[in-house]
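Structure first, then comments.
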Amino acid sequence: MKSSTERAMSVGELAGHFQLATHVLRHWEAMGLLHPARDGGGRRRYDDAHVVRVAAILRAKEAGLTLEEIREVLQAEAPGVRRAHLERHRDVLRRRITHVQACLDMVECALDCDHEDLATCPQFLSIVG
């Protein structure tokens, strides 16, 4: 049952909420990521649960998951299957974070360096090496 504050949104309203083109939501529906209800005229109708789902899809994409991987996670029939997918991607994210942190350390070192040539700075060389 819908709450009294929940309302059905059109594809344009939901897309606008996230600053997406409507064809993106239609594509996600075709891929099995979204399952909107239809009104009497056959138009897509989205509710608050779809808002949460779109937000989760966008966050998962930012984390580097493909749409196929997102579908696998969202449609996993058992928590263990979902967990296995997410554990694999967690490991990928941890490696990316480590790499990006090393890049940030190098930039911060360079910003703090007073050497004319960074290639002569022992601290910079130790970070780069």
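If I ignore ligands, DNA and RNA and count only protein heavy atoms, how much of ARG94 is accessible to a 1.4 Å probe, in Å² to the nearest 10?
The accessible area comes out at roughly 140 Å².
Give the residue from HIS89, ALA49, ALA63 lying farthest towards the positive end of the charge dipole for the chain; charges sit on Cβ (+1 for Lys and Arg, -1 for Asp and Glu) and the dipole is referred to the Cα centre.
Of the candidates, ALA49 comes out farthest on the positive side.
In what sequence, largest accessible area first, do LEU93, LEU34, LEU104 appear using a 1.4 Å probe?
Largest accessible area first, the residues go LEU104, LEU93, LEU34.
State, to one decimal in nm², a quarter of the convex hull surface area for the C-alpha atoms of the chain, i.e. the direction-averaged projected area.
Spelled out: convex hull of the Cα atoms, projected over all directions, averaged, 12.6 nm².
What range in the chain is the longest one free of GluC sites (Glu not before Pro) that are in a loop by DSSP and have at most 11 other Cβ atoms within 10 angstrom?
After excluding every exposed loop site, the longest remaining stretch is 1-76.
Could you pull the accessible area for HIS85 with a 1.4 Å probe, rounded to 10 Å²?
Surface accessible to solvent at HIS85 totals approximately 40 Å².
Could you size up the charge dipole of the chain around its Cα centre, putting +1 on the beta carbon of Lys and Arg and -1 on that of Asp and Glu, and report it in debye to the nearest 20?
About 1060 debye.
The values are calculated or read from the model by the stated rules, or taken from the named source; none is laboratory data. It should be emphasised that the depicted structure is a prediction, and the values quoted were computed from it without experimental measurement. Cβ atoms come from the backbone with ideal geometry, glycine included; neighbour counts cover every protein chain shown. Just the protein is used for accessible areas: all its heavy atoms, side chains included, with ligands, DNA and RNA removed. Shrake-Rupley method; radii C 1.70, N 1.55, O 1.52, S 1.80 Å.
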